Amino acid sequence: MPLHVSVQNIQRMHPKGMESSTDFYYAKIGNQLLKSIQRTGAVKVFGNEVLEIMAIKVVLYFEDIICDGGIWRSFVNKHRELYGKTLPFYPVDEKDYQADEPHVEDIRYLLWEVVMDCYQDVMINPQDKLLAEIAKIFYDVLDAEFEKAPINEGMQQFFQEATFMADFIEMREMLGWLWMDCYLTEGHKKFDVAEEMIDEVCDVLHFDNHDPRAIYAALSQMVFRYQCGPLALFPAEWLALLMETVGNHAYADMLRNIDYRKYEVYLLENFDTQTIHLKNTKDEEFVISMDGYGDMSPETLCNTEGCVASFVRYNGRWEPNGMDSWGNFRQAYEDIKERQKRYGVGLPPKNYKLLMKESGGSPLFYFRNGKEVREFMIKGVGIPETMMRPSDMDDKEFIIAFVPSANESVAFAYGVANCVKDARNPYYGMKYHDDDAMMLISDTEICDPAMLRYLIQHHMLPDASFNDDPEDKESLQLAQDNLDFIARTVRRHLY
């Protein structure tokens with residue numbers, strides 16, 4: 001099939017699927033972008049689907065900066081705050097850069113992000129020559145149109161007026177748009193996260209996976225629980241940035257004060273005609289307005305002990321979030337409280353104190369194999385020997401244990417201690433492969449997010465590079481200068 005950007009492609013990625021008189025223009029520009037690269041090697045290398053995604057994202061970026069919708073400007077503002085520069089990878093004139101004008105560096109980044117998202121098992125060098133060639137061609141098309149491009153006034157007004165902020169459900173729909181459809185913050189990982197969330201909701205509420213209620217409940221959780229976009233921010237953080245960018249500072253504060261509680265068991269304390277009073281297993285009290293449950297009758301509440309539910313505190317009040325289940329949950333409530341009291345989380349204080357003394361305060365511990373780990377868990381962490389029997393894990397090599405605090409569980413990373421440069425690590429450099437350090441960053445199953453953040457913050461991955469050739473110092477430096485950003489954009493909800 002020929003390469004094509006349709007009007008529907010443009011509208012689908014607008015908030016609420018917004019239609020505008022400018023949609024035909026931007027679809028036309030998207031098709032100009034695709035036509036402009038027909039004679040390059042792009043089609044052969046990337047294929048039609050990836051190139052169409054590139055064109056759609058670049059033309060939506062163009063629409064955004066033309067109407068100053070605030071999406072791109074929010075990204076560069078936050079990137080400057082985090083890293084002291086406008087963009088990752090590509091230097092720009094920091095004094096003269098204007099976020100409401102197209103820049104070839106912006107487009108190079110967007111194309112790199114598309115390829116990284118579409119080919120998740122490959123680490124693409126941002127200096128890739130073909131991506132640079134496509135970006136320059138795309139930029140020339142946008143630059144020629146810049147002075148005559150129409151402003152999508154509906155999009156501009158939508159964010160400036162932000163009427164959706166007055167209602168929790170409408171605000172949550174905007175968070176869903178950021179997760180699922182916004183050109184800058186959506187990505188292929190949304191499908192995996194949605195499936196995982198649906199499975200969890202079905203386990204909690206006993207729905208069938210194809211039940212529309214399960215899908216609704218899962219999306220309601222997803223938008224508050226997981227990060228999205230190239231900076232791995234929660235949707236509420238993205239929307240707060242956007243509100244701040246367009247001058248709605250009060251709305252930005254409302255979003256930053258959101259308090260989300262995932263599904264758990266609540267005990268019904270009491271109720272009246274206006275409010276429902278609940279208590280969770282940590283003895284926190286929640287007052288829910290009765291109007292959040294339009295179909296809840298006093299008779300129903302008289303015959304129930306509590307609920308399994310999720311709540312979000314928004315604009316000063318707790319709102320029911322998604323689907324819930326009411327019934328006789330007192331026994332479940334008491335069982336959970338007993339388990340929390342009996343087992344808790346983390347290490348015995350005495351063991352944690354001894355470990356920190358041994359490591360000089362470092363949360364990292366290194367092991368040659370799984371047998372050493374087993375001994376560590378018994379003697380250092382305090383796990384009963386009967387629970388740490390020999391297993392296949394004994395043959396694993398180069399293992400890191402991460403003990404962030406006495407109140408958190410120990411995390412392990414297998415096969416990567418040889419990537420970590422630390423005076424206390426005797427295994428650094430052993431049996432090392434040149435892409436091991438970057439795999440530690442990109443493979444979300446290898447390393448716990450908190451451990452990875454610690455390693456990056458303490459500059460302990462000096463060999464992470466975009467090129468497995470150790471002689472390529474430029475690719476090494478480019479990766480090192482942007483390591484935290486790479487982790488954010490590659491891992492997203494698992495950063």
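Structural remarks
- Verdict on T22 being open to solvent by less than 20 Å² (accessible area, probe 1.4 Å) and hydroxyl-bearing (S, T, Y): yes
- Residue count for segment 430-446, restricted to those that are assigned to a loop (DSSP other than H, G, I, E, B), within 16 Å of M116 (Cβ to Cβ) and open to solvent by 70 Å² or more (accessible area, probe 1.4 Å): 1.
- Wholly enclosed helices (runs of 4 or more DSSP H) of segment 37-152 bearing at least 2 residues over 27 Å from G247 (Cβ atoms) and either acidic (D, E) or in contact (Cβ under 8 Å) with a residue 12 or more places away in the chain (or both): 42-67, 104-118, 129-145
- Exclusive hit being open to solvent by 30 Å² or more (accessible area, probe 1.4 Å) and in contact with a Lys or Arg (Cβ under 8 Å, 6 or more places away or on another chain), set Y414, Y454: Y414
- Selection status of Q157, out of contact with any Gly (no Cβ under 8 Å at 6 or more places or on another chain), farther than 30 Å from G292 by Cβ and modelled with pLDDT of 95 or more: no
- Taking segment 8-19 as the range and being crowded, with 16+ Cβ neighbours inside 10 Å and in a helix (DSSP H, G or I) as the test, the residues that pass are N9, I10, Q11, P15.
- Restricted to segment 369-407, and to residues there that are surrounded by fewer than 16 Cβ atoms within 10 Å (Cβ to Cβ) and among the acidic types (D, E), the residue that is modelled with the lowest pLDDT is D392.
- Of the criteria (1) within 19 Å of D324 (Cβ to Cβ); (2) touching a strand residue (DSSP E or B) at 6+ places or on another chain (Cβ under 7 Å); (3) of a type in the set (A, V, I, L, M, F, W, C), which one L178 fails: (1)
- If the condition is being buried (at least 20 other Cβ atoms within 10 Å of the Cβ) and over 19 Å from I66 (Cβ atoms), then segment 26-51 contributes L34, I37, A42, F46, L51.
- Number of positions in segment 233-245 that are touching a helix residue (DSSP H, G or I) at 6+ places or on another chain (Cβ under 6 Å), in contact (Cβ under 8 Å) with a residue 60 or more places away in the chain and buried (at least 22 other Cβ atoms within 10 Å of the Cβ): 8
- Hey, K341 at pLDDT below 90 and either of a type outside the set (A, V, I, L, M) or assigned to a strand (DSSP E or B) (or both) or not: yes
- Check on T304, over 33 Å from the mean Cα position of the chain (by Cα) and open to solvent by less than 50 Å² (accessible area, probe 1.4 Å): yes
- Residue in segment 20-27 that is within 19 Å of V115 (Cα to Cα) and assigned to a loop (DSSP other than H, G, I, E, B) present: no
- Among the residues of segment 173-192, at least one is among the aliphatic types (A, V, I, L, M), surrounded by 15 or more Cβ atoms within 10 Å (Cβ to Cβ) and outside any helix (DSSP H, G or I).
- Here is the figure for segment 158-184: residues that are among the hydroxyl-bearing types (S, T, Y) and touching a residue at least 60 places away in the same chain (Cβ under 8 Å) total 1.
The values are calculated or read from the model by the stated rules, or taken from the named source; none is laboratory data. Keep in mind that what you see is a predicted model, and the values were worked out from it rather than measured. FYI the Cβ positions are ideal-geometry reconstructions off the backbone, even for glycines, and counts take in every protein chain you see. Ligands, DNA and RNA are stripped out before the accessible areas are found, and what is left, the full protein with its side chains, is counted by its heavy atoms. Shrake-Rupley method; radii C 1.70, N 1.55, O 1.52, S 1.80 Å.
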